[in-house]
Amino acid sequence: MTASVDSTLSTAVEPYIRRTVTALRSAASEHDPVKEDTTLQEAFHEAGRTLPLIQKALEESPAELQGVTQKTLESLRECHVKAEICKAIFLAVADAQPEKRQEAYKEAVQKRSKGRTVEELVIGIATDICGLGEILVIQKHVEGLRGAIDRLSKMEPSLPKAKTDGVFNNYGTGDQLNAPGGTVNKSTGSGNQFPGANFSGSVYFDKEGSREHGP
């Protein structure tokens, strides 16, 4: 029974790989016409240059695989989805007038990927493929893909990230740390916390450790 299930899952892998390879190839071809455009950030172009590396790795995965699980299929499905989004974004940029490519890119990222830049999508694909390296029998490509991930991770983002302010409340026990980019407010144990607030006057602590603000 197990052998039959493994065989079925292994057979299901091939269509996902084929579709992902096709999407990656198309995305790379859409990047090609704009690869010299200096109005687009280097991370955008590095993402485009990384697509063929992932494509080549997947193309060399053999037809017969061992150890395929449902999680393997889910990872490949996610890779295919991200590759299709990359293709759509690169196409939108390539179709735009040269002076409008940056704006077209920004709009495509918001519309197609909910704010994820092409380098974030490519990092996600490459990371998933590295995690599947042994199952897909493409270990020799893993080091190169990890190098690409490292390069992309260190580059200035192809689009600036919008800054968001959040309010964090902690009630009861446990630790709370706010998001990066601001003052860290840590709450431990029981009691209330008032992050971001300014107090004047006296502060009293009862026996249970709760804070009360005096006049």
Net charge contributed by nearby residues that have their C-beta within less than 14 Å of His45 (K/R +1, D/E -1): -4
Counting only residues 5 or more places away or on other chains, whose amide H sits under 5 Å from the amide H of Leu132 once H atoms are built in the peptide plane? none
Under the Karplus curve 6.51 cos²θ - 1.76 cosθ + 1.60, θ = phi - 60°, whole-Hz ³J(HN,Hα) for the stretch 39-44, x wherever Gly or Pro sits: 6, 9, 5, 4, 4, 4
What net charge is computed for the residues neighbouring Asp128, neighbours being all others with C-beta under 11 Å from the C-beta of Asp128, Lys and Arg scored +1, Asp and Glu -1? +1
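Suppose the chain between Thr127 and Ala94 were pulled fully straight at 0.36 nm per residue; how much longer would it get relative to their current alpha carbon spacing? Please report the intermediate quantities before stating the final value.
Working: separation 33, 0.36 × 33 = 11.88 nm, distance 2.62 nm.
So the extension gain works out to 9.3 nm.
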Relative contact order (percent) for the stretch 4-134, with alpha-carbon contacts under 8 angstrom and 6 or more residues of separation? 34
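Each reported figure results from applying straightforward, stated rules to the coordinates on display, with no laboratory input. Only a predicted model underlies this, so the values are computations on that prediction, with no experimental measurement involved. For neighbour counting, all protein chains shown are included, and Cβ atoms are generated from backbone atoms with ideal geometry for every residue, glycine included.
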